[in-house]
Amino acid sequence: MITVADIVALPAFKQVRLAAMCPGGYGRPVSNVGIMDCMPDEGAYADYLPGEFIVSNLGFARDDPERCERALLAMLARGVAAVAVKTVYAPPIGDRVLAASTAQGVPLFLYEGDYHEVVAYQALDLIRRDGEESDKGRKIDALLAGHDGSALRAALYEIAGLTGSTVQCLAVAPRADDECSLYAALGVLDGVLAAFRRDWGSVVDARACRYHGALLAFVSYAQPPACARSRSEADLLARATSAAPLFCGMGEETPLSEGDLAIRQALAALGEARSRNVAAVLWADMREDAFRIAAREDRLFARTCALYRNLLASYDEANDAELAATAEAFAASCGDVRMAAERLGQHPNTVRYRLRKARDVLGMPEASDRELARFLAFVALGA
């Protein structure tokens, strides 16, 4: 947003003086620039609008105090953003005009500098640039914005017809990895969900769809008691794993407006089930791995972890040291120097020496072993 203060700071204004007290005048928003070059007779000022910064040399009322006063009072009454008068003709500014400026909150400036055409050109260019920068700001806001809960609910309704208060996601993949088995599994899963919905009164909707090489089953609830949802969750997993040879990953129940988290959890749990070669894994059972996956998916967290890992790796490369490996072992040993030394096959004093160097490299020379271990544990999560 361009303000009066931005306009009077333009190069065209060589010297500027506020003619009368006008609290908040410099902060008034400016949306356009107008040139006052005639008297207000016959509605000539009707086109001047609030938000316009008005410039004039009052040449049309030269040497006539009454005409100057009438023109300025009429312009101030329009509620414009501000009025700037070039002093080239030494315009007479009376007390009535000064009082009106203060009373109406429209600042009146007297200035020396370029002609009003130059002022208008510079001001309009500034307003144009501000519009471009505002567009960029809105785009950056969109990049930085978190999820839109309303949009997410609408998307889940469009994808799976989901309504209700909360949602839980089950990610499923057939153990036989081919297209035919995927669609066969989808048919089996549809039957499982239909029966599950009939048997549990707290279930609002239960539907499945394909997602790349997996299937996603969505179950929405009308906020049942936690104990009821726990029983229904176990029942759904039992039905799915007994119906066909499947890998299953179950996410936590989340508000429908945060259904993206339920999907991420379910897919991560499915990946863990495949990795372990077990029928089902719940997000809640992944413990430390759940934190590690969550940290990796947060790009800011992951970048921050990489920053500190790279500091240690760069030192190692330049000095043929092993600070990075020592820091990793120290974090994995929960700050126990002797345990870290055993992991590395080094003497504890060697580990202590490396940790002192690591503290210096990381910019935390006064950190205790406990503080360093806690810090390195966070760094390790993003690895």
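What to note about this one:
- Mean residue ellipticity, 222 nm, helices only, the chain: the sum of -39500 (n - 2.57) across DSSP H runs of n ≥ 4, divided by residue count and rounded to 500, is -17000 deg cm²/dmol.
- Positive minus negative residues near ASP369 (Lys, Arg vs Asp, Glu; Cβ under 14 Å): +4
- Check: the chain dipole with +1 on Lys, Arg Cβ and -1 on Asp, Glu Cβ, in debye: 1120
- Basic side chains Lys and Arg get +1 at the Cβ, acidic Asp and Glu get -1 at the Cβ, and with that the dipole of the stretch 259-383 about its Cα centre reaches some 80 debye.
- Dimensions (Å) - the stretch 151-305, Cα atoms, principal axes, largest first: 47, 35, 30
- Neighbour counts of other Cβ atoms within 10 Å put PHE196, PHE330, PHE109, PHE291 in the fewest-to-most order PHE291, PHE196, PHE109, PHE330.
- Volume per residue of the convex hull around the Cα atoms, evaluated for the chain, comes out as 271 Å³.
- Under 5 Å, built H, 5+ apart or other chain: amide partners of LEU282: MET250
- Each of GLU132, GLU233 was scored by other Cβ atoms within 10 Å of its Cβ. Arranged with the fewest first, they read GLU132, GLU233.
- In units of the rule-of-thumb radius 2.2 N^0.38 Å, the stretch 297-381 shows an alpha carbon radius of gyration of 1.02.
- Taken over the stretch 4-138, the percentage of Cα pairs per 10 Å bin, counting from 0 up to the bin with the maximum distance, is 13, 46, 33, 7, 1.
- Order of LYS357, LYS136, LYS86 under a 10 Å beta carbon neighbour criterion, fewest first: LYS136, LYS357, LYS86
- Approximating the spin labels as points 7 Å out from Cα along Cα→Cβ, the ALA151-to-GLU366 distance works out to 4.5 nm.
- Degrees between helix 288-297 axis and first principal axis of the chain (Cα, 0 to 90, nearest 10): 30
- Rounded to the nearest 20 debye, dipole of the stretch 189-266 from Cβ charges on Lys, Arg, Asp, Glu: 200
- Overall form of the stretch 236-280 per C-alpha gyration tensor (a/c, 1.5; a/b vs b/c): oblate
- DSSP beta bridge pairing in the stretch 4-138, given as percent antiparallel to the nearest 5: 30
- The GNM of the chain, with springs linking C-alpha atoms under 10 angstrom apart, assigns the highest mean-square fluctuation among ARG70, ARG153, ARG296 to ARG70.
Throughout, read-outs are computed from the coordinates displayed, never taken from laboratory work. Bear in mind that the values here come from a model prediction, so they are computed numbers and not experimental data. So basically every Cβ, Gly included, is an ideal-geometry build from the backbone, and we count neighbours across all protein chains shown.
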